[in-house]
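What follows is one structure encoded as structure tokens, with my remarks underneath.
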Amino acid sequence: MKSDKPKKSHKAALSRRSFLKGAALTSAGAMAAVASLSHLKPAHADAPMPAGAVERLGPGPAPIELKINGEVKRLSVEPRVTLLRALREHLGMTGTKLVCDRGACGACTVLMDGRTVTSCMVLAVDARGREIVTIEGLGNPARMHPVQAAFVVADAMQCGFCTPGMVMSIAAALKRNPKAGEDEIRQSVAGNICRCGTYPHVFAAALNTARGFGAGKGNA
Ligand code: FES
Ligand code: FES
């Protein structure tokens, strides 16, 4: 005999299960989204940002921290300030050169998380949490990086405006491949313009450094 009690609809059970599953996924997704925003901090306060809040900076100066050459530097900059301007005008680190200010010459090259970037094209606020290395952090007159020393020996500069950027690009290339050949060296400075035409000396300095690396001397 058939029961009068209506059977639970399989379809209904499925849709209830799907609904519960969907709800769990949605709340997990929301939690993940909140977690992904949790690294964002308000510019002006130590208080944690409300979950899901969007960081707002400016238009006035905002206090930020940058890690440059292994040291944490605190400065106050408007959000429109580039990393290059922050280095030179806020921190007095003038080794990184300002030439075109539009990403065309490579004079302002620094390392950000180990990769070369033109610092005139990076906002200082976007460099927070990154490892920045400038020419000052690569070496100094008392303790030069092998590429810096090779530039001196090969007389690879005239006015010197392009030189820090060239050195940073070559140091990064030789760190990637300590035995880089001339093609790779040329490629690494393709974005570095020298108006004085020192290229042959620059390539000689880089290749001499590569030979030094090959012989087990120096480090990047
Ligand atoms: S000054 Fe940045 S690329 Fe020329
Ligand atoms: S040495 Fe003058 S621009 Fe390169």
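Throughout, read-outs are computed from the coordinates displayed, never taken from laboratory work. The structure displayed is predicted, hence computed values, not measured ones. Cβ placement follows ideal geometry from the backbone for every residue including glycine, while neighbour counts extend to all protein chains displayed.
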Place a point 7 Å from the Cα of Gln158 in the direction of its beta carbon; the residues of region 186-207 whose amide N falls under 13 Å from it are 194-202
Selection of trypsin sites (Lys or Arg not before Pro), region 69-150, meeting DSSP coil and at most 11 other Cβ within 10 Å: Arg102
Could you work out how far apart the two model spin labels at Asp113 and Cys100 are, taking each label as a point 7 Å from the Cα in the direction of the beta carbon, and quote it in nm? 2.5
Would you list which aspartates and glutamates come within 19 Å of Lys175, measuring only between C-alpha atoms, while excluding same-chain residues fewer than 8 positions from it? Asp113, Glu131, Glu136, Asp183, Glu184
Largest first and in whole Å, what are the equivalent-ellipsoid semi-axes of region 62-137 based on the Cα gyration tensor, each being the root of 5 times an eigenvalue? 17, 14, 11
Can you give the convex hull volume of the alpha carbon atoms of region 139-214 per residue, in Å³? 78
J(HN,Hα) series, region 185-194, from Karplus relation 6.51 cos²θ - 1.76 cosθ + 1.60, nearest Hz, glycine and proline x: 4, 4, 4, 5, 10, 4, x, 10, 9, 10
Sort 185-197, 160-172, 52-64 by the packing proxy (mean of other Cβ within 10 Å over each peptide's residues), most packed first. 160-172, 185-197, 52-64
Can you compute the modelled spin-label distance between Glu55 and Asn140, with each label point 7 Å from Cα toward Cβ, in nm? 3.1
